[in-house]
Amino acid sequence: MMLLRRLQDAAGLSHVLTAADDTAPYLTDWRRRFTGRAQAVVLPATTSEVAAIVLACAEHGTPIVPQGGNTGLVGGATPDAAGEAVVLSLKRMTQVREVDALNNTITVEAGCVLRNVQQAAHDADRLFPLSLAAEGSATIGGNLSTNAGGTQVLRYGNARQLTLGLEVVLPSGETWNGLRGLRKDNTGYDLRDLFIGAEGTLGVITAACMQTFPLPRAQATALFALDSVSNALALLTLAQSSAGPTLTAFEFFSDVCLQLVTSQFPEKRSPFAAPHAQYVLMQLSDHEDEQHAETLLQKLAEVALQKELIADAVVAQSVSQSASLWALRELISEAQSRAGHNIKHDISIPISSIARFIDQTDAQLAERFPGVSMITFGHLGDGNLHYNVGPPPQMTEERFFALQPMIYECVHDQVTRFAGSISAEHGIGQLKREENARYKSAVEMNLMRAIKRALDPLNIMNPGKVV
């Protein structure tokens with residue numbers, strides 16, 4: 001009771017939730033794979049309130065689970081079943097503190113929804129390029145905690161590369177203000193990068209200074225139909241050499257994904273008369289004009305046809321057509337959710353090895369688990385695949401998920417053989433914690449545990465996640 005009173009003093013009585021109906025939305029992850037318990041959910045509005053909450057929890061030895069939009073896919077923002085934790089929701093911390101157009105930066109609080117950050121930058125004639133399917137509900141704090149990538153990493157980089165400075169409440173309750181909008185700051189260890197991708201296990205990110213860019217004057221979008229993953233990689237090479245820095249997105253998905261979207265969203269249609277094995281969605285962002293962008297994309301398509309890299313192409317002729325093509329890619333995850341559960345893999349592979357990885361791993365899974373369906377899509381330009389396995393027909397969900405450890409082993413062993421990573425942008429959370437320890441070297445794990453002990457000696461920051 002003493003802790004609850006301190007939490008109420010810090011955040012206000014109405015922003016400390018304890019009733020089951022009030023706390024329930026914060027205790028289950030987006031995929032509904034993990035459900036935990038908490039003694040309270042606290043919703044602070046300022047960094048000082050976060051600091052007071054963390055200090056109170058530290059003095060009581062109470063675990064803290066930071067949470068943003070609760071859109072994560074690995075259970076990283078869900079408490080365990082013990083019921084001792086305090087869920088620290090940052091959804092009230094939504095201020096855009098500053099837009100500095102000349103410095104090309106935007107400083108925002110961790111609870112800002114990604115789409116709102118994009119809009120705030122746009123209102124200042126600037127582009128904030130981080131973009132992903134959950135951008136209408138995912139928050140900047142969550143994006144930073146998992147080092148989110150999204151669809152424009154190829155040109156602009158992932159969340160870590162877009163971040164110049166952070167404000168972080170440490171496990172001690174102290175606040176580190178590192179909100180410096182500098183591209184160069186060589187004054188010691190890079191503390192910023194410790195917290196990005198740490199999933200709230202080292203501290204609570206409360207604000208960030210992010211890079212923005214001049215708005216492109218035009219964008220051109222095309223969907224290419226291909227016969228193989230190898231041709232998609234050859235198309236990537238052609239696009240990089242032909243389009244250079246105008247190449248913004250190079251998204252890849254299989255026909256299985258397209259059929260899944262059109263079946264779950266009947267209003268969506270394939271723009272091609274016949275199905276093809278693979279598809280690439282390409283976007284160019286041009287700083288000249290619309291005609292220049294469209295001409296560049298048209299010429300690229302013509303060369304790709306001449307080289308027989310593609311079987312067909314559709315170039316968007318309007319903003320609405322571009323949006324329709326993007327919907328075929330962006331609705332894949334929601335279509336999977338509607339169709340039923342699947343075993344997800346968020347992996348990265350050296351780009352040159354992706355075709356061999358898919359061919360070999362598909363074959364292994366088909367042999368060991370007959371009837372499974374492969375739902376393969378992702379950000380081919382940066383080597384990030386969402387390599388998901390659907391259940392065989394008629395197999396119950398319970399029986400299918402009993403196979404998860406064996407499917408994980410098959411896929412992740414292959415990822416390791418190809419010098420890849422078992423988590424590209426979703427994080428580790430609790431879903432992949434044991435897998436991470438299995439594939440990382442003892443040296444790596446010991447280094448990470450040493451950092452965790454140094455910053456969080458009481459082990460109160462999101463315990464049971466990552467390490």
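No lab work stands behind these numbers, since they all come straight from the coordinates. What you see is a predicted model, and the numbers here were worked out from it, not measured in a lab. Quick reminder, even Gly has a Cβ in these numbers, built from the backbone with ideal geometry, and neighbours come from all protein chains shown.
When the helices in the chain are scored as -39500 (n - 2.57) per DSSP H run of 4 or longer and the sum is shared across all residues, what 222 nm value do you end up with, to the nearest 500 deg cm²/dmol? Don't skip to the end; give the middle numbers.
Values: 18 runs with 175 residues, N = 467.
It lands at -11000 deg cm²/dmol.
How long are the three semi-axes of the equivalent ellipsoid of the chain, in whole Å, if each is the root of 5 times an eigenvalue of the C-alpha gyration tensor, listed from largest down? Numbers along the way, then the final one.
Values: eigenvalues 285, 148, 79 Å².
Equivalent-ellipsoid dimensions as semi-axes: 38, 27, 20 Å.
Given the Cα atoms of the stretch 404-467, and with Rh set as the inverse mean 1/r over their pairs in the Kirkwood sense, what is Rg to Rh to two decimals? Each step should come with its number before you reach the end.
On the way: Rg = 12.9 Å, Rh = 12.8 Å.
We get a ratio of 1.01 for the stretch 404-467.
Fully extended, how many nm does the chain gain between Ala366 and Asp21 (0.36 nm per residue separation, minus their Cα-Cα distance)? Don't jump to the answer; show the numbers that get you there.
Details: separation 345, 0.36 × 345 = 124.20 nm, distance 4.36 nm.
Taking 0.36 nm per residue and subtracting the Cα distance, the gain is 119.8 nm.
Once you list every other residue whose beta carbon is under 14 Å from the beta carbon of Thr248, what net charge do they have if Lys and Arg are +1 and Asp and Glu are -1?
Working: positive: Arg155, Arg217, Arg329; negative: Glu251, Asp286, Asp382.
Result for the neighbourhood of Thr248: 0.
If neighbour count is taken as other Cβ atoms inside 10 Å, put Arg32, Arg126 in order from fewest to most.
The fewest-first ordering by Cβ neighbours comes to Arg32, Arg126.
Length gain on complete extension for the stretch Thr416 to Ala133, per 0.36 nm per residue less the alpha carbon to alpha carbon distance? Spell out each step's value before the answer.
On the way: separation 283, 0.36 × 283 = 101.88 nm, distance 2.76 nm.
Full-extension gain reported as 99.1 nm.
Across all directions of projection, what mean area in square nanometres is found for the Cα convex hull of the stretch 218-333?
Approximately 6.7 nm², given one-decimal rounding.
Treat the count of other C-beta atoms within 10 Å as a stand-in for reagent exposure and order Ser318, Ser423, Ser137 from fewest to most.
Details: Ser318 9, Ser423 23, Ser137 16.
Neighbour counts put them in this order, fewest first: Ser318, Ser137, Ser423.
Mind giving me the FRET efficiency for Arg37 and Asp123? R0 is 56 Å, r the Cβ-Cβ distance, nearest 0.05 is fine.
Values: r = 41 Å, r/R0 = 0.74.
According to the calculation, E is roughly 0.85.
Considering only C-alpha atoms, what is the centroid distance from the stretch 1-71 to the stretch 132-207, in Å?
Centre-to-centre distance over Cα atoms comes out at 21 Å.
Points 7 angstrom from Cα along the Cβ direction at Asn459 and Gln321: gap in nanometres?
5.9 nm
Taking the Cα-to-Cβ direction at Ala81 and at Ser48 and moving 7 Å from each Cα, how far apart do the two end points lie in nm?
So the label points at Ala81 and Ser48 sit 4.2 nm apart.
Dipole of the stretch 295-416, Cα-centred, from +1 at each Lys and Arg C-beta and -1 at each Asp and Glu C-beta, to the nearest 20 debye? Spell out each step's value before the answer.
Working: 8 positive and 14 negative charges, 33 e Å.
Dipole of the stretch 295-416, to the nearest 20 debye: 160 debye.
With point charges of +1 on the Cβ of Lys and Arg and -1 on the Cβ of Asp and Glu, referenced to the Cα centre of the stretch 340-426, which listed residue (His379, Phe369, His426) lies farthest in the positive direction of the dipole?
My answer, from the dipole projection, is Phe369.
Tell me whether the stretch 289-359 comes out rounded, prolate or oblate; compute the Cα gyration tensor, take square roots of the eigenvalues as a ≥ b ≥ c, and use a/c under 1.5 as the rounded threshold. Present the calculation step by step, with values, prior to reporting the outcome.
Numbers: a/c = 2.63, a/b = 1.38, b/c = 1.91.
It is oblate, given that a/c is not under 1.5 and a/b is not larger than b/c.
When Leu447, Leu385, Leu296 are ordered from fewest to most other Cβ atoms inside 10 Å of their Cβ, what list results? Write out the running numbers ahead of the final one.
On the way: Leu447 13, Leu385 24, Leu296 21.
In order of increasing Cβ crowding within 10 Å: Leu447, Leu296, Leu385.
Between Lys440 and Asp359, how high is the FRET efficiency from 1/(1 + (r/R0)^6) when r is the Cβ-Cβ distance and R₀ = 22 Å? Nearest 0.05. The partial results should precede the final answer.
Values: r = 26 Å, r/R0 = 1.20.
For R0 = 22 Å, the calculated efficiency reads 0.25.
May I ask for the net charge around His386, where only other residues with Cβ less than 15 Å from the Cβ of His386 are counted and Lys, Arg are +1 while Asp, Glu are -1?
Details: positive: Arg31, Arg329, Lys344, Lys432; negative: Glu251, Glu330, Glu334, Asp346, Asp362, Asp382, Glu425.
Taking every Cβ under 15 Å from that of His386, the sum is -3.
So how far apart, in nm, are the two label points at Gln264 and Arg5 if each is 7 Å from Cα heading toward Cβ?
Modelled inter-label distance: 5.0 nm.
Would you please report the Å³ per residue occupied by the convex hull of the alpha carbon atoms in the stretch 41-110?
Working: hull volume 7.4 nm³, N = 70.
Each residue corresponds to 106 Å³ of Cα convex hull volume.
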